[in-house]
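The values are calculated or read from the model by the stated rules, or taken from the named source; none is laboratory data. Everything quoted here is computed from the prediction, not taken from an experiment. Backbone-built Cβ (ideal geometry, glycine too); neighbour counts: all protein chains shown.
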Amino acid sequence: MSLRGGASVLICLLAAGATARAENLMDAMRRAYDANPQLNASRAELRAIDEKVPQAQAGMRPRVTADGYLGVQRNRYITQQRDVDLDDPTLRARTKSIQNGGSIPRSATLTIEQPVFDGFKAQNETRAAESGVFAGRERLRLTEQRVLFDAVAAYMNVLRDTAALKLQESNVAVLKEQLRQTRERYDYGQITLTDIAQAEARLAGGKSLVGAARAALDASIGVYRKIVGVEPTKLAPGAPIDRLLPKSREEAERIAQAEHPFILAAQHEADTADLDIKALEADFMPKLSIVGDVFTQTDTAGVGNRNIGASVGGHLSVPIYEGGLTSSRVRQAKETAGQRRFDSDVARAEILSLVRAYWGALQAAKTQIAAAQTQIAAAERALYGVREEAKAGQRTTLEILNAQQELLNARIGLVFAQRDRVVASYAVLSSLGRLSSDWLGLTPSGGYDPAVHFDQIKDLWLNPATPEGR
């Protein structure tokens, strides 16, 4: 048995076992996009952030409250009186008790308050909340990118480790055949027991590597199950996504600076911090609202009494001194806004660094594949030559084993380089901010749209149930 013939090891080994129903890389990403719990949790988090907009809008909406009172009342009046008796001036005072019948006092009040002016606090809080929603959408895009990239890496790791295991198992079969041939040559007196020991040692080492390769594959399958949600069965070969990549690193950097969700989220958070300052400064300004009351009172001041009335008035609140609390909050908000602007600069620098790192990794993977293919071809020729020379007694068993090991290492190196080539292409796409369902075409009928929930609740005045009915 020979290790000959395998420049495209990963593709050949896996395509041979693939069928027309094999799952491909896009299928795995689509599963992760639909069912990954981390991504679904981020979507729920964004829906919660959406609710901050109607909460801020409520600051200028009317408030209606109703108060009621119902009780039981019984009165007992106790008095002391002295009867005047001229014949007996020592007559003592007498206590007189008068008890009225019970009553049921009750009252009801309906109060309506309409804010008229709040120093533009609600307006700025609403704008800040909307900016926070935009930042949340960008963070959701970032989570989507991470999940999809993790799905790509998990998919390719399973392919890589499957191919590596097959190569190690094939190597063990070759080593067994080599040991058999070595023993035959020993029986003919061509070599010594040392050669047999070398072949046995190399076979034992090969079996150990098979165990390690199987453990690595099991670990990769576990990660795949966690991210994609199902066990991998038959996986089709993965392919790089070069069609969506720019032609140069400079163009990639320009795209990333304009589109990456990490940068856009930082910019929206900086806008939110600026608006928070204006909302807090509104606490220095007066507030005006119109208050209307309608009330009824029965038996509250005596049996049979009833009072019905209504009132309308203006409520003006002018802050004068609050102990420095508002001033401290404004200063704190200004420092936070400064931090957010620095965070935006940090985000730009980090993404620029990622683009260059991933672009370099992609170019390196391309070079490694070409070098590994050349190395495999040379190692195959070397192994053939060593075996032929060994037949003439010019090479030892150890040299044959070493040549076989070099060929195995070269083929495993190609497997890893092919995996790195695919993953690096998706890493570059991720660094651009374009590793998304829309760019990949995962959901032609339309994927998750965060704007739908926002539009459903932004003007919702009543009903605590979510739009889905929960």
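Every condition in (1) touching an Asp or Glu at 6+ places or on another chain (Cβ under 9 Å); (2) assigned to a strand (DSSP E or B) holds for Ala216 except the one numbered (2). Just one of the listed residues (Ile308, Ile290) is exposed (fewer than 15 other Cβ atoms within 10 Å of the Cβ), in contact (Cβ under 8 Å) with a residue 60 or more places away in the chain and in a strand (DSSP E or B), namely Ile290. Flag: Val346 does not match the condition of being closer than 29 Å to Ala273 by Cβ, within 28 Å of the chain's Cα centre (by Cα) and crowded, with 17+ Cβ neighbours inside 10 Å.
Restricting to the stretch 182-209, what's the tally of residues that are part of a helix (DSSP H, G or I), surrounded by fewer than 16 Cβ atoms within 10 Å (Cβ to Cβ) and not charged (D, E, K, R)? So the count comes out to 7. When the residues of the stretch 353-376 are narrowed to those that are within 22 Å of the chain's Cα centre (by Cα) and either of a type outside the set (Ser, Thr, Tyr) or under 30 Å from Glu406 (Cβ atoms) (or both), which ends up surrounded by the most Cβ atoms within 10 Å (Cβ to Cβ)? Restricting to residues being within 22 Å of the chain's Cα centre (by Cα) and either of a type outside the set (Ser, Thr, Tyr) or under 30 Å from Glu406 (Cβ atoms) (or both), the top hit is Val355.
Taken over the stretch 318-338, residues that are in contact (Cβ under 8 Å) with a residue 24 or more places away in the chain and surrounded by 10 or more Cβ atoms within 10 Å (Cβ to Cβ) amount to 9. For Arg4, the test of being loosely packed, with under 15 Cβ neighbours inside 10 Å, modelled with pLDDT under 95, among the basic types (Lys, Arg) and closer than 30 Å to Thr374 by Cβ is passed. The residues listed here are Val228, Val291; of these, the one that is of a type in the set (A, V, I, L, M, F, W, C) and in contact with an Asp or Glu (Cβ under 8 Å, 6 or more places away or on another chain) is Val291. Residue selection: Val330 fails the criterion of being in a helix (DSSP H, G or I), within 24 Å of the chain's Cα centre (by Cα), at pLDDT 95 or above and not basic (Lys, Arg).
When Leu398, Leu462, Leu383 are screened for being farther than 30 Å from Met26 by Cβ, surrounded by fewer than 16 Cβ atoms within 10 Å (Cβ to Cβ) and touching a helix residue (DSSP H, G or I) at 6+ places or on another chain (Cβ under 6 Å), only Leu398 passes. Restricting the first member to the stretch 123-144 and to residues that are within 9 Å of Pro261 (Cα to Cα), and the second to residues that are buried (at least 20 other Cβ atoms within 10 Å of the Cβ) and aromatic (Phe, Trp, Tyr), the beta-carbon pairs closer than 7 Å and six or more apart or on different chains are Leu142/Phe262.
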